[in-house]
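Worksheet: one structure, shown below.
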Amino acid sequence: MNLDELRLTPEDYRPKPPSGRHYRIGLIGCGGVANAAHLLAYRDFGYEVVACTDIDPAAVESTQARWGIESAGTDPRVVLENDQVEAIDLAVHPHARLELWPGLLAAGKPILSQKPFAMTWEDAAWMSNSARDAGVTLMINQQARWAPAHAAIKLLIDSGICGPLFSVAHVRRSYQDQPDRWWRDVVNFNIVDHGVHFLDLIRHFSGRTPDAVSATTARMQGQNAVSPLSHTLALHFDSGDLTAIDHFNNIVQSRAGQSEFWHIDGAEGSISGSREFVDVTRRDEPERRLRFPIEGGWFPEAFGGSMGELMAALNEGREPLTSSRDNLNTIRIAAAGVRSNDEGRTVRLEEFVA
Ligand SMILES: NC(=O)c1ccc[n+]([C@@H]2O[C@H](COP(=O)([O-])OP(=O)(O)OC[C@H]3O[C@@H](n4cnc5c(N)ncnc54)[C@H](O)[C@@H]3O)[C@@H](O)[C@H]2O)c1
């Protein structure tokens, strides 16, 4: 494989609806992300949402009216006990998922749960195990894997253009310190909530889960959020053939100053990607850089991709790619990162056993 042989088109990396049967969706949680991304993508992908519920009557009413959803109400049974609903889209915060859990397991319908799966390792392990015991398909909405730029990077890695990988690095500089948003008060938000996207992508890109994590964090003077917003998580692999980092800097609120890059390095070549383009370089063509501009964006189409994966998995009778079982490894990295920072030591993932 060399640069001239490399092919990558938007058709390859943009998510599309599954070719098989589609499942009618019941939405639990009619908040920000459901309206700004889920329902937009489902309309574009042709998925049918037949019921929605939220504890906030105004949220139910406006969501039902905006998207023309047949059944709606503040009682979750409007979704859980609705024969029309074949798959549940769970778009509430982690604490609300715990409250809803007994009813969800009793309903027995497949679930696509928003990330982060849970705020603690213990909750995630308990929910994954209880879903397995109840025979409920549980997928976690790590939809970043279906974002066009990330899907493009994954396809390029899988083409073998880089050879065996020895490094995966994610460097993001962005503003996450909004004084009036719910995440201001979430402890360790940028590691255990927002950050799980990038930890999960490191696993997706490398195909591997680290053995240990060490973390360092920084709090910006005058910041609003309750926890430090900037961090570096170094992921250790005992085999000694791979290193990975997730680095987030919370910068001042300046769009012009924001940047995000993935750097994937292998024995034969490298991939450097942002959300707008992906570059490939090779050791056998040292003066050349092949650039693929990326079509499409994370919001909303990746959300159509993840729901499509749940439907495809149901059609094929297999576990979804980001099943709760798979996601436990992402949650373990985040939990180890928090413990490492709190205790000032490298933390092994085997400290977290399901
Ligand atoms: N890219 C992404 O994947 C992404 C982006 C944003 C948010 N999220 C995640 O999605 C989840 C929700 O975030 P949001 O921004 O939409 O929050 P939000 O606060 O805007 O919405 C949550 C909704 O859940 C409702 N709710 C609370 N308890 C409920 C219950 N018991 N039953 C039914 N509804 C209930 C609330 O009334 C609210 O309308 C969080 O876990 C967040 O991390 C993911």
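Observations on the model:
- Compared with the dominant Cα axis of the chain, that is its longest principal axis, helix 148-159 is turned about 50°.
- Protection proxy ranking, peptides 266-272, 252-258, 341-347, average beta carbon neighbours within 10 Å, highest first: 266-272, 341-347, 252-258
- Hydrodynamic estimate: the Kirkwood radius of the stretch 43-136 over Cα pairs, inserted into Stokes-Einstein at 20 °C and 1.002 mPa s, corresponds to D of 152 µm²/s.
- Under 5 Å between amide hydrogens, built in the peptide plane, is the criterion, and for Phe277 it picks out Ile294 among residues at least 5 positions away or on other chains.
- Residue-averaged [θ]222 nm for the chain, counting only DSSP H segments that reach four residues, each worth -39500 (n - 2.57): -10000 deg cm²/dmol
- The stretch 256-299, accessible area per residue, ligands and nucleic acids excluded (1.4 Å, Å²): 54
- Cα-Cα separations in the stretch 220-354 greater than 22 Å, expressed as whole percent: 63
- Only Lys, Arg (+1) and Asp, Glu (-1) charged, at Cβ; the stretch 15-142 dipole about Cα centre in debye: 440
- Per-residue ³J(HN,Hα) for the stretch 226-240, Karplus 6.51 cos²θ - 1.76 cosθ + 1.60, θ = phi - 60°, Hz, x for Gly and Pro: 6, 10, x, 9, 9, 7, 10, 10, 9, 9, 9, 10, 4, 5, x
- The spacing between the stretch 261-282 and the stretch 77-107, judged by their C-alpha centroids, is 40 Å.
- Peptides ranked, highest mean first, by Cβ atoms within 10 Å: ranges 329-339, 285-295: 329-339, 285-295
- J(HN,Hα) series, the stretch 115-124, from Karplus relation 6.51 cos²θ - 1.76 cosθ + 1.60, nearest Hz, glycine and proline x: 7, x, 3, 7, 7, 10, 4, 4, 4, 5
- Computed in the context of the full set of protein chains, the accessible area of the chain at 1.4 Å probe radius has 49% of its extent on carbon or sulfur.
- Amide H to amide H distances under 5 Å link Cys52 with Leu27, Ser71, Ala72, Gly73, where only residues 5 or more positions off or on other chains count and H is placed in the peptide plane.
- Rounded accessible area per residue of the stretch 15-142, 1.4 Å, Å²: 42
- Taking θ as phi - 60° and the Karplus parameters 6.51, -1.76 and 1.60, the scalar couplings of the stretch 86-102 work out to 10, 8, 9, 9, 9, 10, 9, 6, x, 5, 6, 4, 4, 5, 7, 4, x Hz in sequence order, x denoting glycine and proline.
The values are calculated or read from the model by the stated rules, or taken from the named source; none is laboratory data. This one's a predicted model, so the numbers in the text were calculated from it and none came from an experiment. Here Cβ is always computed from backbone atoms with ideal geometry, including for glycine, and neighbour counts include all displayed protein chains. Side chains are part of the model used for accessible areas, which takes the heavy atoms of the whole protein and leaves out ligands, DNA and RNA. Shrake-Rupley method; radii C 1.70, N 1.55, O 1.52, S 1.80 Å.
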